[in-house]
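> Provided herewith is a single structure, encoded as structure tokens, for subsequent inquiry.
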Amino acid sequence: MNMTDLLDYIIALIAEFAKTHGLTNQQAYRYLNRYKGLDFIERFYDVEHTLSFEDAVEDVTNYCQRFGGTIA
């Protein structure tokens, strides 16, 4: 795994998550960090980066809900 590609993907997915859920990038980052979404993105990067951003945002949203996140 190329670390630069991973970081670029994480940044892009945070921005898409923010846009989808009406958050700022900073709010999205904090939410994803608090509810383990960033861990999910890193752990499953090999699969998630092959999906559309829409599908990846849905996956990470559902994952965060398992850890107490309330954004649906």
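> Evaluate the following for E42: is it touching a Leu at 6+ places or on another chain (Cβ under 8 Å) and either surrounded by 13 or more Cβ atoms within 10 Å (Cβ to Cβ) or of a type in the set (K, R) (or both)?
Yes: the conditions hold for E42.
> Return the only residue of G22, G37 being open to solvent by 40 Å² or more (accessible area, probe 1.4 Å) and of a type in the set (G, A, S).
The unique qualifying residue is G22.
The values are calculated or read from the model by the stated rules, or taken from the named source; none is laboratory data. Predicted model only: the values in this text are computed from it and were never measured. Using ideal geometry, Cβ is built from the backbone for each residue, glycine included, and neighbour counts are taken over all protein chains shown. To get the accessible areas, we keep the full protein, side chains included, count just its heavy atoms, and leave off ligands, DNA and RNA. Shrake-Rupley method; radii C 1.70, N 1.55, O 1.52, S 1.80 Å.
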